[in-house]
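Have a look at the structure below, then the notes.
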Amino acid sequence: MKYLYLVWSNLKRKKIRTVLTVLSIMVAFVLFGYLGAIRQGFSQGIDVAGLDRLIVRHKVSIIQLLPEAYESRIEQIDGVVDAVYQTWFGGVYQKPSNFFAQMPVNPQEYLEMYPEFILSDEEREAWLATRSGAIAGRGIAERFGWKVGDRIPINATVWTRKGGERTWEFDLVGIYDGAEKGTDTSQFLFRYDFFHESRQFGEGQVGWYTVRVEDPERAAETAAAIDAEFANSPYETKTEPEGAFLQGFADQIGDVGFIMMSIIAAVFFTILLVAGNTMAYAVRERTNELALLKAVGFTDRGVLGLVLGESLLLTVLGGGVGLGLAWMLVSMGDPTGGSLPVFYIPVRDMVAGVVLIALMAFIAGILPALQAQRLRIADALRR
């Protein structure tokens, strides 16, 4: 801290260079935070997926259906506590671009399986009492401006009604919130009995099962037992942890995490070269000054700390402002208009950002700092 004034004075000498360097670092950290929020949106639900929940789907593909009769057989398998089924509906609201998750479920069983979906007692009772009733997550309700009591028309792309009609209408009886920040609140859920009696085809078939296991540490054994139960049948199954199932959905549009990290890595590598070059020039321009500082009593370690301090101050200014701007931009809302289930910067990314600030400061400043530390007074003054 005793060198802070000297560090700040040195940075102010070349104001334009300092400002441009800080702005470059700032842009890098804005991208780091913002792309991290987008990555979190694409990996929605994975971080908060239940460790005690398995997904049982058709072995060939998620679009292949399973018999509804599998529910009772799954529940009889050792290690299974409960099982519920759901089906991907695949409709759109008003126009094709308004695509989001819609699923018919058994209300009571589903809410017990997913306690992280918070619904008031009144809304829960209304859902159980209304055959055409549906609930929506807070995120999707805010996206379309829905409120309880609205009549929601969904245009089916797969499941037509008896008679060939594609428009399904639901009464919105509740809006659920997430118990945790990462909980998916972009889903639209309606009653399976209404779906079952109204659909034109697929009687007695469901999309997949969610299974709660008794002991998460033995989940792999339970999964193997479930698949063994239906081996060599016309509807063989693949059972996997809920997190892996959700990751599979995200991977269908590509490895978003890898793409984001590749972009961030390229940006940071470029900015690291810029910051390192800035520090190298700063030391080279002040060779005589650094020699004089040593002549009046500055130690080698003191000179080393002075240069590293300049590097740290540059990155703290740029990185700190960048992370702050990223947080402000993310707090303004999802840039896709609500298509992402969640949109926020995870705490781990903010912590990683702080670590990156320190790491960038060290890497950018260590070589120029060592050069300044090894500077010989006599040689420097002769230049």
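Descriptive notes on the structure:
- Ranked by how many other beta carbons lie within 10 Å on average, peptides 26-38, 141-153 from highest: 26-38, 141-153
- Based on the reciprocal of the average 1/r between different C-alpha atoms, the Kirkwood radius for segment 142-184 equals 12.6 Å.
- Two-site label geometry, residue 277 and residue 158: point separation in nm, points 7 Å out along Cα→Cβ: 5.2 nm
- At R0 = 41 Å, FRET efficiency that the Cβ-Cβ distance of residue 332 and residue 269 yields, to 0.05: 0.90
- Which of 113, 360 has the fewest Cβ neighbours within 10 Å, and the rest in rising order: 113, 360
- Share, in percent, of DSSP beta bridges within segment 87-191 that are antiparallel, nearest 5: 60 percent
- Dipole of segment 53-251 [Lys/Arg +1, Asp/Glu -1 at C-beta], most positive-end residue of 104, 137, 157: 157
- Principal axis dimensions, segment 53-251 - Cα atoms, whole angstrom, descending: 45, 39, 34
- Note on residue 363 and residue 258: the model spin-label points, each 7 Å out from Cα along the C-beta direction, lie 2.1 nm apart.
- Among 243, 127, 226 the positive-end extreme of the charge dipole of segment 53-251 (Cβ point charges): 127
- Potential extension, residue 166-residue 232 segment - 0.36 nm per residue separation minus Cα distance: 20.2 nm
Quick note: the coordinates plus some simple rules give every number you see, no bench work behind them. Bear in mind the structure is a predicted one, so any value in this text is a computation, not a measurement. Positions of Cβ are generated from backbone atoms using ideal geometry, with glycine treated the same way; all protein chains shown enter the neighbour counts.
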